[in-house]
Each structure stands twice: as structure tokens, then as C-alpha cells.
Amino acid sequence: MLQQGKSPLLFEIFYECKTTKARAGRMALVHHHVNTPVFMPVGTQGTLKGLLPQQLEQLDCQIILGNTYHLGTRPGINILEKAGGLHKFMNWKRALLTDSGGFQMVSLLELAKITEEGVKFKSPYNESDCMLTPEHSIQIQNIIGADIMMQLDDVVKTTTTGPRVEEAMHRTIRWLDRCLKAHQRLNEQSIFPIVQGGLDSKLRSECANQLIKREVNGYAVGGLSGGESKNDFWKMVHLTTNILPKNKPRYLMGVGFATDLIICSALGIDMFDCVFPTRTARFGCALVRTGQLNLRQIQYRKDMRPIDESCECSTCKIHTRAYLHHIVTVETVACHLLSVHNIAFQMKLMKDIRQSIQEQRFPEFIQQYMLDLFPNKE
Ligand code: GUN
Ligand code: ZN
């Protein structure tokens, strides 16, 4: 563990882009220092699908994400407490962030019902009724012991309109105050509030303006990247980062496509997470500058090049596209090899973003990236 005064999070901005709102900096967390803007791979069950903690370290990954809902049901808080927290349980020594659980239940399980008290859901294991309250979410997250915990929020589908969006926004603020009150480990863990408000500028602004009155170490932007237009998406991010304080980290939840990472870094976001790189690896897809290679396709059968000649990852150093094509439908090892490459791709992209901000050439970087991604387009 790193020694640092009382605050579990110290954020420093080293460089600011003169053209965009991008910044490059560092978050000093209790378990590790994290360079920003950062992409955080998702390890839902306390393991990243397809990768070991050791491999993540080798890939230069400084922070990963875990899920309260999944970990709270299995292995459960008793086992996590006995293990001394998730870091020790999974042997991950670097920084960790946990999501609060509600979003996963509402969006993935459709077993959940929101009340003022919390999120009510049927246990997927034994059909019994469970209730995840803001207090309970924080209690579980205190036991997990992540460097950053998320508040329990009331999330509606991005495309929802009408009074439900406003209700969810106000409830999210009330739940934040309950989370802050329940937090027991102020010197070791930070809670991030989550800006909600759908695609409504007025509600988003109101939410952000309410949240910044609370004393916290960073903020998240939630409820986006769920099928809305890019225009609405960027408008909401832009509007929100204009309100959030400049000297605290901003985390955009559930975003991980290369284009979004670049544009939203330009809009002043410092942290991102998404299951996309590891999920797409499981479908046989490798991320490259020009998009994705679907290695199941027959065109790779005799292709003796690596996925990407310029990639430094162990998969690209050793294996050809032809070999990956050969094993991709039969072997889970292909999923491991592609996950290694895809996480290496995300880490390299974020490093390039940070470096170009540092060297005051981020606008040129964006332009070149888009030219590579959309060649031959006027
Ligand atoms: N993951 C992606 N979006 C969200 C969100 O709005 N809230 C939470 N808690 N997690 C998310
Ligand atoms: Zn590679």
C-alpha cells in the first residue's frame, strides 16, 4: 500500500490541451497511481474474463473494475471479509473500482424493481427476494475494499423520456446522501456520485449542480451510451464536464469504443470502463486502428501476419492471423490470446492520448486517428 496523508485520492493535472478540454494527469489512490485519461477493464466476477491479474500487470493496466452485485452474491460478503477484501482474494495489488450494483441488476437481469428504499430483485440462485439499498451497497463495497466505490444510482434506459427520468435523477441525489452517510472507511476509499438526467439538458445540469455541492473526490457521468445518437451523447458529456469542477477526476461509465474514448477525452473525461474489448474477443474479434478483424472469417485462413505488426503484445509477437483463425472456433485459448491483444490495444490507445496531450498535439492525433479509421472518405 502507498503512504499518503488522509485523502484516499489525490488528483493532479499535469498537462492541459490548449484546443480541447482534454487533460492528462495522475490519480494517487491507496493501492496504486493511475495515469489519466485511463481505460479500466471490467472484471465482473473478480476475474477478468480471459485474463489473469498477472497478465493485466504485464499489460500495464493500473486499475480494474469489479461489480458489487456479482461479488455480493458470489462469493458473498462473508468470504470476501474473511479473505480481507477483493484485492487479497484475487491477488490484485493495483487499484480497483467497484460499481454499486443497481445498474447491473436493472439493465442485465430485468429482475429488479426500484423503490425509494432501494433496488428489489429476485436472487438468480434461489428465487428469494433481495433488497439492495444504498446503505447495503456501500457496506458490501466497504468490505470489497476498492479504492473507488460508486454510489447506488437509479438508472433509466437512455432512451426513456417523461417524468421517470426526472424521478430517477432526484432519487439518485437522495441515494447519494444515504451512501455518503453509510461510508465507514473514509481514509481508504472514495465514493463517486453519478450524474444522471437522461438526454435532458436541464435535468443533467440540475443533477450536476446538486452533486457538486457534496464533498467528494471525483464524479461519474452515467446513463449514457445506451443507444442514443452520438450527437445527444456528446452534448450530454460536454454539458456535464462544463459543470463538474476541473480539479477532480471525471469518469464516464460504460464507454469503451476507440472513437468515444478519443472524443470524450477531448470533452474532459479522465476515466472510462467497458466490457467491449474482452467481450468482442470472446466473439473472435481483434481491435485494430482501422476497426476490428473478425478472425472467424475465411479470409484469414492463410494470412501469416500478426493481428497488428506494430502491436507489442505477446499474442502479436508469437501468433499469426491464420493460427488464430484456426483455433478461434474450437479453443478457449483463442479467447485468452485475443483478450490480451484487445486490452493491449486499449492501453496503447490511452497512452497515445496522454502522450499527445502532453506534447500539445492532441488535435493532430484525433485527426490522424479518424483518417486511419475512415480512409477514402471525403
Ligand atoms: N455503468 C454504465 N452506466 C452506468 C450508470 O449509469 N450507473 C451505474 N451505476 N453503472 C453504469
Ligand atoms: Zn497485439
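The values are calculated or read from the model by the stated rules, or taken from the named source; none is laboratory data. Every value quoted in this text rests on a predicted model; they were computed, and no experiment measured them. FYI the Cβ positions are ideal-geometry reconstructions off the backbone, even for glycines, and counts take in every protein chain you see. Ligands, DNA and RNA are stripped out before the accessible areas are found, and what is left, the full protein with its side chains, is counted by its heavy atoms. Shrake-Rupley method; radii C 1.70, N 1.55, O 1.52, S 1.80 Å.
One table, with the values for the structure above:
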read-out: Listed residue pairs exceeding 20 Å between alpha carbons, taken from 120/213; 82/113; 18/348; 21/230; value: 120/213; 82/113; 18/348
read-out: HN-Hα J in Hz across the stretch 350-362 - Karplus 6.51, -1.76, 1.60, θ = phi - 60°, x for Gly and Pro; value: 5, 5, 4, 4, 4, 5, 5, 5, 4, 8, 6, 9, 5
read-out: Separation of the residue 238 and residue 167 label points, Cα + 7 Å toward Cβ, nm; value: 3.2
read-out: In nm, spacing of pseudo-spin labels at residue 116 and residue 318 (7 Å Cα→C-beta vector); value: 5.8
read-out: For the stretch 224-333, fraction of C-alpha pairs farther apart than 23 Å, in %; value: 43
read-out: Selected from 291, 85, 162 as most flexible by GNM, with the chain as the system and alpha-carbon contacts under 10 Å; value: 162
read-out: The chain: relative contact order as a whole-number percent, Cα under 8 Å and 6+ apart; value: 17
read-out: Extension reserve of the residue 214-residue 174 stretch, reckoned as 0.36 nm per residue once the Cα distance is removed; value: 13.2 nm
read-out: 1.4 Å probe accessible area per residue over the chain, in Å²; value: 46
read-out: Where the Cα pairs of the stretch 116-254 fall when distances are cut into 10 Å bins, in %; value: 12, 41, 35, 12, 1
read-out: Residues in the stretch 15-37 reached by a label modelled at residue 355 [backbone nitrogen below 11 Å; 7 Å Cα→Cβ]; value: none
read-out: Förster-model FRET efficiency, 41 Å R0, residue 13 and residue 123, C-beta, rounded to 0.05; value: 0.40
read-out: Inter-part distance where the stretch 163-188 and the stretch 48-83 are each reduced to a Cα centre, Å; value: 24
read-out: Interatomic Cα distance distribution for the chain, bins of 20 angstrom, percent; value: 28, 59, 12, 0
read-out: Cα-based Kirkwood hydrodynamic radius, the stretch 272-366, one decimal, Å; value: 13.9
read-out: The stretch 221-378, relative contact order [Cα under 8 Å, separation at least 6], %; value: 18
read-out: Relative contact order of the stretch 286-347, defined on C-alpha pairs under 8 angstrom at six or more residues apart (%); value: 36
read-out: Whole-angstrom Cα spans of the stretch 55-182 along principal axes, big to small; value: 47, 33, 28
read-out: Difference of contour (0.36 nm per residue) and Cα-Cα distance, residue 310 to residue 364; value: 17.4 nm
read-out: Accessible area of the chain belonging to carbon and sulfur atoms, whole % at 1.4 Å probe; value: 52
read-out: Max mean-square fluctuation residue, GNM over the chain, Cα-Cα springs under 10 Å, options 82, 93, 246; value: 82
read-out: Of 347, 90, 149, the one that fluctuates the most in a GNM where the chain has Cα springs shorter than 10 Å; value: 90
read-out: Point-to-point label distance, residue 247-residue 60, nm (Cα→Cβ direction, 7 Å offset); value: 3.0
read-out: Cross-link partners of residue 302 among lysines (Cα-Cα below 18 Å; sequence separation of 8 or more within a chain); value: 317
read-out: Over the chain: helical MRE at 222 nm, DSSP H runs n ≥ 4 each giving -39500 (n - 2.57), nearest 500; value: -11500 deg cm²/dmol
read-out: Net dipole in debye of the chain [+1 Lys, Arg Cβ; -1 Asp, Glu Cβ; about Cα centre; nearest 20]; value: 340
read-out: Pairwise FRET efficiency - residue 374 versus residue 181, Cβ, R0 = 51 Å, nearest 0.05; value: 0.55
read-out: Alpha-carbon gyration tensor eigenvalues x 5, square-rooted, for the stretch 91-157, Å; value: 22, 13, 12
